[in-house]
Each structure stands twice: as structure tokens, then as C-alpha cells.
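Reading through the C-alpha cells given below for one structure.
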């Protein structure tokens, strides 16, 4: 069992976090910290455990410049230490499910035969969503769980982030070589360290009062 951090430490980290507008291009995230953030992405929970994603970690300056051109020239893309593109698996099929089940068997030691009922249930849920026309939307919702986990984990490590939906997904797909694959860009997030003069870093957060959004029943 992990040693819990004090509650106030968590609140301080989340208050410190903001959508960073200006990153210091000279500061890079240390390898150990980045490994922890990649692990946080891998450990993200997902519906039925299907993990309908791939996370493209971009550190190459030339590629970041290309992606910045497909993100309305927002400087965070080029100036951050690591730029993560969250892509979603479209039209999840039996092949993806079987790969997941094989991994379950590998990790847990269960037999494929013992997982047959789980496979049937999974395929039934996917077909139901496919028939309703909501399969890809359902899976894309999972991406935002990963994004939230990534940002919160970064804040605890005192690493800045900026989530970005202001991008052109089709152009991102072209740059990342995703055209013709089963994956497509959903959202992105820059990570690194703020510059000292980013005025947005010291702005007070504007949130509704807790009693306006938290309902205890």
C-alpha cells in the first residue's frame, strides 16, 4: 500500500496547476519523472479495461514544429519539453478484444477458456454500441480519463501541463502517420516547465463554490 500524501499537499498541487501558456524551452523533464508520467498513462483505467488508445510522445523539435503548424501556431507545442498526442482506437473489433484477453491471461495466469464469458460480454457490449452508432464516441470518452490522470500526476510532480483541443486532428494524423490506421487524434497535452514571467501562473482560479457543484446525498 502506498504512503498517502497529506490532503493539503494534493490541494496545493492542484491549485498550483494551470493551463500553462508559456513554457521554458530550455528546461526538460528529467527521465525518471517522465517515466513516472508515462506509467501514469499506461495505468489509466478504461471501460472494460479495453485501453482504446495510443499515446504519441513527441520530443523531436522538427516534429513539434510541424505539429505547432497544425495547432494554430500555439507556442506551447514547440516550447514544451514533451508533447503528448492522445489517439483513440476507432471501430474496436474482435482483434483488439482478443489482444486484451491474451494480455489478461499473460498477466493473471488465467486460461483463455476461463475468460470466454468475459469475451462474450465484451463483444456484446461493443456490438450494442456499434448498432447504436455510439462506439467511437464511447471510446473517445476514455481518452479524457487518461488526460485527467496525466495532468493530475504531473501536478503532483510539479510539472506543468497545457491540455489542447485547439488542434487540427486530421493534420496531426498526417504528421504522425496515422492515416489509414485504426487510430486517430483526439486531444493533446504539452508538458514541461513554465517561464517565470507567465502572468497566467499567478492568476487566481475562478471556480464555483463547492456547495454549488458538489451534492452530498
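The values are calculated or read from the model by the stated rules, or taken from the named source; none is laboratory data. Predicted, not measured: the structure shown is a model, and the values here were computed from it. Virtual Cβ from ideal backbone geometry, glycine too; neighbours counted across all protein chains shown.
Points worth noting:
Okay, residues lined up against (1) within 26 Å of residue 40 (Cβ to Cβ); (2) touching a helix residue (DSSP H, G or I) at 6+ places or on another chain (Cβ under 7 Å); (3) at pLDDT below 95:
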{"position": "108", "(1), (2), (3)": "yes, no, no"}
{"position": "117", "(1), (2), (3)": "no, no, no"}
{"position": "134", "(1), (2), (3)": "no, no, no"}
{"position": "143", "(1), (2), (3)": "yes, no, no"}
{"position": "154", "(1), (2), (3)": "yes, yes, no"}
{"position": "162", "(1), (2), (3)": "yes, yes, no"}
{"position": "165", "(1), (2), (3)": "yes, no, no"}
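- Boolean, residue 184 is surrounded by 15 or more Cβ atoms within 10 Å (Cβ to Cβ) and either closer than 25 Å to residue 11 by Cα or within 16 Å of the chain's Cα centre (by Cα) (or both): yes
- Test set (1) over 19 Å from the mean Cα position of the chain (by Cα); (2) buried (at least 16 other Cβ atoms within 10 Å of the Cβ); (3) at pLDDT 95 or above - residue 138 fails condition number: (1)
- Verdict on residue 10 being in a helix (DSSP H, G or I), at pLDDT 95 or above and more than 21 Å from residue 164 (Cα to Cα): yes
- Boolean, residue 216 is farther than 27 Å from residue 24 by Cβ, outside any helix (DSSP H, G or I) and free of Cβ contacts under 8 Å to residues at least 24 places away in the same chain: yes
- Meets criteria (crowded, with 17+ Cβ neighbours inside 10 Å, in contact with a strand residue (DSSP E or B) (Cβ under 8 Å, 6 or more places away or on another chain), touching a residue at least 40 places away in the same chain (Cβ under 8 Å) and not in a strand (DSSP E or B)) for residue 92: no
- Failed condition for residue 191, given (1) surrounded by 10 or more Cβ atoms within 10 Å (Cβ to Cβ); (2) closer than 20 Å to residue 22 by Cβ; (3) out of contact with any strand residue (DSSP E or B) (no Cβ under 7 Å at 6 or more places or on another chain): (3)
- Consider segment 40-89 and keep the residues that are on the phi > 0 side of the Ramachandran plot, outside any helix (DSSP H, G or I) and more than 17 Å from the chain's Cα centre (by Cα). The one that is surrounded by the fewest Cβ atoms within 10 Å (Cβ to Cβ) is 73.
- The residues of segment 114-158 that are under 30 Å from residue 36 (Cα atoms) and part of a loop (DSSP other than H, G, I, E, B), listed by number, are 157, 158.
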